[in-house]
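Accompanying notes for the structure given below.
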Amino acid sequence: MSENLTRRAALGVLGVSSMALLAACGSKATSEASASASGSESASAAASESATASPSASASASASPSASASASATATNSPLPNDNKDYSGVAKLEKMEDHGEYQPGNAEHPPQNVPSPIVPEAMHQNSVAGFAAALAYFGAAFEYLLRTGDMHYMNEVSTDQETLAAMKKYADSTKTGIDEKKTWYVNPTATLTIGTKQPVLAQGAYNWTVTLNVDLGEKLFKDGKEQTVAADKRHVKMFGEAVGRYLNNKWDLHMDIN
């Protein structure tokens, strides 16, 4: 309970709608994630401990039932070849698009010229590497949202309207904090870490244990005045599973993390 309150307080400075976001994320837990949990004890433990929690920075992206049905002909239901690679660790996107020299937030403005994620070619491949590339893209898109309040890059890895709506509420709240409350973090970051070497196939979807790590940084500005972020509110860590399907020549994710 105390950890969840810490997460709410940490992001609450920007007016983030954490309760609404996590309620939506929890309601979208899929049977695929549940099926794969038996083969991923650590993820199951994390999910059960946080079943009633509402962490503030949770991210949600998924393939909706309607999208899955319409694209069933392109979905992969057979095991992908094990390429014998170890994908565990931070999922790092290879290329980002620059928009000028990046400037962290200061007394006058929030982070500016924030690099944006570029969809990697591998994300269009029906392979384990493609799934891993989609996760790397998600992590970068989440960091971009965290800095700007703009979530449109999430549309590249999600077709689920309910979870996208939850992301929009989170983005809108962040944007409101910046535009109306004149409050922003100096240089918040986010990374997504893959927990195992290879994903697990369960009921037509691939499952990978993941951790989303958010570092809000040491400083924030409110009405032009610098404030220190309390040490116990700076870091937000969420655990769970990424559920991926290959639909219409691209990986589509459901992020069940909290």
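Taken together, the values in this text are just the output of simple stated rules run on the coordinates, not laboratory data. All figures in this text were calculated on a predicted structure; none of them were measured in a lab. All Cβ positions, even for glycine, are placed from backbone atoms using ideal geometry, and neighbour counts span all protein chains on display.
The modelled label-to-label distance between Q203 and D172, using points 7 Å beyond Cα along the C-beta direction, is 3.1 nm. At what distance in angstrom do the alpha carbon centres of region 198-258 and region 163-187 lie from each other? Distance between centres, Cα-based: 16 Å.
How high is the FRET efficiency from N187 to H124, r the C-beta distance, R0 30 Å, rounded to 0.05? Between N187 and H124 the formula returns 0.40.
Among 150-158, 112-120, 206-214, sorting by the average number of other beta carbon atoms lying within 10 angstrom of each residue, highest first, gives 206-214, 150-158, 112-120. Amide H to amide H, with H built 1.01 Å from N, V229 comes under 5 Å of K219, L220, counting only residues 5 or more places away or on other chains.
Reported value for region 130-235: 113 Å³ per residue, from the convex hull of its C-alpha atoms.
Fully extending the segment from S116 to Q103, taken as 0.36 nm per residue of separation minus the present Cα-Cα distance, adds 3.3 nm.
Segment E94..Q161, full-extension length gain: 21.3 nm, with 0.36 nm per residue of separation and the alpha-carbon distance subtracted. Fully extending the segment from N84 to D232, taken as 0.36 nm per residue of separation minus the present Cα-Cα distance, adds 49.4 nm.
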